[in-house]
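Encoded as structure tokens, the structure appears first; notes follow it.
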Amino acid sequence: MAIQGGYQGKLLDVDLTNQRVQAVPLPSEEVLRAWIGGTGLGLYLLAGEMTAGMKTTDPEAPVIIMTGPLTGTLVTSSSNWTMINLRYKPDFVVGLSQAHGWFGARLKHAGWDGIIIRGSSDTPVYLWIDDGQAELRDAGPYWGEDTYETPRRLKLDLGDPLNISVACIGPGGENLVLGASVRADGVYTCAMGDAGMAWGSKKLKAIAVRGVGRVPVANMAAFMDVCTEWRDSLYAQPEPPPSSQARFKGIAEWGKFGGIPVKNFTEPESAGAWCDSLKQDLAKWKIRPVGSWQCDMACHHETVVTTGPLAGSTAAGFGAEVFEEVGPNVGIMDAGTSMAIAGLVDGLGIHSGEVPRAIAMLMEGFNTGRVTLEDTEGIDLTWGNHEAVIDLLYKAAHREGIGNIIAGGMRETGRKFGIEDLAVHMRGVGFQGHDFRHHPVALFSKHIVSQAGSAPQFPSGLYRGSAARANSGEPDIGYTETLPLDIVEGVGEPTFKGQCLKLWRDCIGVCEFAMGTIEGNLDLNMAAIDAAVGWDPLNRAEALLVGERVVNLQRLISFYRGYQPESDFDISERLLSLPSGPVSGQASNLGPYLEKWRGEYYRAAGWDSETGQPNTETLQRVGLGGFGFGR
């Protein structure tokens, strides 16, 4: 059945080298049904242009922004948009980031399903999309501004601040800092996959979009019924979806697991002290919840910090992982100071798991006598010195002095100072997350066998419960409970099935918080797409096969670009065990089971038991037999 809605039918093709933009049609209906949108369709398009030796910062390396068929519709939380590019490190995987807000919805409302960006400009530019029109403009006046000031100024200069969304890079992206991010509207972050480096190398400062149209829907009556049922199912749960306040309170409970990184992951037993500070300060801060298109949760925030030495500072974003990295993980045990510096990290447009983690490593070296004041250019890196942390963040984002070393990542920083053994990394790079050593399945599933490097590709319902829904699980793939902390057997199958489910979700254009842990949600996903697009009905097997197809394409890309199976074990020794903390002795340690779990995962995926190469039968079944690159 022909496409009648859901998609706008065209992509914006941008050639920065020749300063040219044009509309190109979406791929065929057969391709769309196989890859849907978001991560899946973006990867398919990227694979068609990449070469084995292509690097993130090469002019010909494409950057793709993709929405899903439900993005910008009336489905609850239909705000997702995806950034797809090559990662700088590790260079054999793709970079994938999911973000929310208004940018994706407005792009769809302007009549575009996505943007493909190639080439490189000689001078800074931004892309202005005004409904069906698009043009490149001079971004010189905004170059050097952070990710808060850039959208504020651009919206005012374009004359319609209430109806324009801006995605941009900050100094981190401009200066090609490892892990640099792209931020939308000063709140929503594409933090994974080195997206900011890709933009910075192209001299692309920002994309501004105004869209006042609508997403076409094939069967509006049926679609609205699904939207109502979907929203009702969210609030029929014992615990509703998280708001920013609820999320902060939830993070404050992680101290009982030791799930907050403290002093470069050396003191999990001290996590509770920082969590106690957070609990006390939450009631004093001025927190404004910030939502997205059709969002009922508002789990992002804009917070005026009213406690600690940096009182009066403002931070905006998702929050948790960032203020952990620049708080307790650098020895700052005051929650207000942590939050204020988190705002700085986001404003500079850098990844909280990379530069801040390199700073934590240097601080451990300094406090154990392995790094000296002479090494640090006179900066006192005593644990908890927030002024030193701020100084190093600025220096790294602008590549000044010692910051030029830190900007290259924690492994390079460690080698330079002779403390590489203190780097808490996976495959040589940082990862955004909590201290998941208390739940090693989360470390393994979210990061180690993620086919996008250390970017999470695993549904939270399988490793995280709550007081109200402690056994949330993922019932739509057969798991009605979260996986226990001490699990040692049967990890591979739920990991693989969970990845297939998560990557299906990353294709359709809806926030995961509106999907996870709810029985029957997968059926609502399919019903919404069927009603919006006008397709013959999808079924569960077909939907999960889309996710499996994406997992396997990522794997093929990795092998094509030089992946070696031993890289799965290139992770910090510190992550393999939990020597202390509240659940030490209760949770399993990852080290003894890493190889065993990977073997289970390979079997579940239908991959060669030694190399991890997808079997011929697997590739034929998922529709990737004979798949070629650079088509």
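The values are calculated or read from the model by the stated rules, or taken from the named source; none is laboratory data. As the structure is a computational prediction, the values presented were derived from the model and not from experiment. Quick reminder, even Gly has a Cβ in these numbers, built from the backbone with ideal geometry, and neighbours come from all protein chains shown.
Could you count how many residues in the stretch 408-448 are of a type in the set (Lys, Arg) and more than 19 Å from the chain's Cα centre (by Cα)? First the steps, then the outcome.
First pass over the stretch 408-448, keeping only residues of a type in the set (Lys, Arg): 411, 415-416, 427, 437, 446.
Checking the rest, the ones that are also more than 19 Å from the chain's Cα centre (by Cα) come to 411, 415-416, 437.
Residues meeting the conditions: 4.
Among the numbered conditions (1) surrounded by fewer than 20 Cβ atoms within 10 Å (Cβ to Cβ); (2) of a type in the set (Phe, Trp, Tyr); (3) touching a helix residue (DSSP H, G or I) at 6+ places or on another chain (Cβ under 7 Å), tell me where Tyr235 comes up short.
Tyr235 satisfies all of (1) surrounded by fewer than 20 Cβ atoms within 10 Å (Cβ to Cβ); (2) of a type in the set (Phe, Trp, Tyr); (3) touching a helix residue (DSSP H, G or I) at 6+ places or on another chain (Cβ under 7 Å) except (3).
Which residue is surrounded by the fewest Cβ atoms within 10 Å (Cβ to Cβ), if the candidates are limited to the stretch 423-457 and must be assigned to a loop (DSSP other than H, G, I, E, B) and of a type in the set (A, V, I, L, M)? Walk me through how you get there before you give the answer.
Step one: filter the stretch 423-457 for residues assigned to a loop (DSSP other than H, G, I, E, B), giving 423-425, 427-428, 430-435, 439, 449-457.
Now drop any that are not of a type in the set (A, V, I, L, M), which leaves 423-424, 449, 452, 455.
Values: Ala423: 25, Val424: 24, Val449: 23, Ala452: 23, Ala455: 21.
Taking the candidates together, the pick is Ala455.
Can you name every residue in the stretch 179-215 that is in a loop (DSSP other than H, G, I, E, B) and in contact with a Leu (Cβ under 6 Å, 6 or more places away or on another chain)? Walk me through it before giving the result.
Step one: list which residues in the stretch 179-215 are in a loop (DSSP other than H, G, I, E, B), which gives 179-181, 185-187, 191-194, 202-203, 211-215.
Passing the criteria: Gly193, Lys202.
Which of the residues that make up the stretch 134-182 are in contact with a His (Cβ under 7 Å, 6 or more places away or on another chain) and polar (S, T, N, Q)?
Asn175, Ser181
Just one of the numbered conditions (1) crowded, with 20+ Cβ neighbours inside 10 Å; (2) among the basic types (Lys, Arg); (3) over 21 Å from the mean Cα position of the chain (by Cα) is not true of Arg357; which one?
Here Arg357 clears every test but (3).
Here's the yes/no breakdown for (1) closer than 23 Å to Ser338 by Cβ; (2) in a loop (DSSP other than H, G, I, E, B):
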{"site": "Thr372", "(1), (2)": "no, yes"}
{"site": "Gly378", "(1), (2)": "no, yes"}
{"site": "Leu381", "(1), (2)": "yes, yes"}
{"site": "Asp391", "(1), (2)": "yes, no"}
{"site": "Ala397", "(1), (2)": "yes, no"}
{"site": "Gly403", "(1), (2)": "yes, no"}
{"site": "Asp421", "(1), (2)": "no, no"}
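Could you say which residue among Leu86, Leu46, Leu11 is buried (at least 18 other Cβ atoms within 10 Å of the Cβ) and closer than 27 Å to Gln294 by Cβ?
On the way: Leu86 fails: closer than 27 Å to Gln294 by Cβ; Leu46 fails: closer than 27 Å to Gln294 by Cβ.
After ruling out the rest, the residue left standing is Leu11.
Here is a check on your reading of the model: is Leu362 at pLDDT 95 or above, within 20 Å of the chain's Cα centre (by Cα) and in a helix (DSSP H, G or I)? Show your work before the answer.
Details: at pLDDT 95 or above: yes; within 20 Å of the chain's Cα centre (by Cα): no; in a helix (DSSP H, G or I): yes.
It is false that Leu362 is at pLDDT 95 or above, within 20 Å of the chain's Cα centre (by Cα) and in a helix (DSSP H, G or I).
Filter the stretch 90-129 down to the residues that are among the polar types (S, T, N, Q) and not in a strand (DSSP E or B), then identify the one that is nearest to the chain's Cα centre (by Cα). Working first, answer last.
Kept after step one, since they are among the polar types (S, T, N, Q), are these residues of the stretch 90-129: 97-98, 120-121, 123.
Okay, now just the ones that are also not in a strand (DSSP E or B), so 120-121, 123.
Values: Ser120: 25, Ser121: 27, Thr123: 28 Å.
That would be Ser120.
Would you point out which residue out of Lys497, Lys502 is of a type outside the set (Ser, Thr, Tyr) and either in contact with a Leu (Cβ under 8 Å, 6 or more places away or on another chain) or over 26 Å from Phe318 (Cβ atoms) (or both)? Show your work before the answer.
On the way: Lys502 fails: either in contact with a Leu (Cβ under 8 Å, 6 or more places away or on another chain) or over 26 Å from Phe318 (Cβ atoms) (or both).
Among Lys497, Lys502, only Lys497 is of a type outside the set (Ser, Thr, Tyr) and either in contact with a Leu (Cβ under 8 Å, 6 or more places away or on another chain) or over 26 Å from Phe318 (Cβ atoms) (or both).
In the stretch 599-622, what count of residues is obtained for those that are surrounded by fewer than 16 Cβ atoms within 10 Å (Cβ to Cβ), assigned to a loop (DSSP other than H, G, I, E, B) and not β-branched (Val, Ile, Thr)?
Qualifying residue count, the stretch 599-622: 4.
For the stretch 1-89, which strands (runs of 3 or more DSSP E) that fit wholly inside it have 3 or more residues that are assigned by TED's automatic domain parsing to the domain that holds Ala198 and over 29 Å from Gly179 (Cα atoms)? Before you say what the answer is, go through the steps one by one.
On the way: elements: 10-15, 20-25, 63-67, 81-86.
Because the criterion is at least 3 residues that are assigned by TED's automatic domain parsing to the domain that holds Ala198 and over 29 Å from Gly179 (Cα atoms), the strands (runs of 3 or more DSSP E) in the stretch 1-89 that meet it are 20-25.
How many residues does the stretch 125-167 contain that are in contact (Cβ under 8 Å) with a residue 40 or more places away in the chain, hydrophobic (A, V, I, L, M, F, W, C) and surrounded by fewer than 15 Cβ atoms within 10 Å (Cβ to Cβ)?
Looking only at that region, the number is 0.
Do we have Ser181 as polar (S, T, N, Q) and in the same structural domain as Gly68 (by TED's automatic domain parsing) here?
Taking the combined requirement at face value, the residue satisfies it.
Out of (1) surrounded by fewer than 23 Cβ atoms within 10 Å (Cβ to Cβ); (2) outside the structural domain of Phe323 (by TED's automatic domain parsing); (3) of a type in the set (A, V, I, L, M, F, W, C), the odd one out for Ile405 is which?
Of everything listed in (1) surrounded by fewer than 23 Cβ atoms within 10 Å (Cβ to Cβ); (2) outside the structural domain of Phe323 (by TED's automatic domain parsing); (3) of a type in the set (A, V, I, L, M, F, W, C), Ile405 misses just condition (2).
Quick grid of which residues meet (1) free of Cβ contacts under 8 Å to residues at least 24 places away in the same chain; (2) farther than 21 Å from Trp199 by Cβ; (3) surrounded by fewer than 20 Cβ atoms within 10 Å (Cβ to Cβ); (4) out of contact with any Leu (no Cβ under 6 Å at 6 or more places or on another chain):
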position: Glu324; (1), (2), (3), (4): no, yes, no, yes
position: Thr337; (1), (2), (3), (4): no, yes, no, no
position: Gly347; (1), (2), (3), (4): no, no, no, yes
position: Glu364; (1), (2), (3), (4): no, yes, no, no
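Have a look at Ala340, Ala315 and point out the one that is at pLDDT 95 or above and of a type in the set (Gly, Ala, Ser). Outline the logic, then answer.
Details: Ala315 fails: at pLDDT 95 or above.
The conditions single out Ala340.
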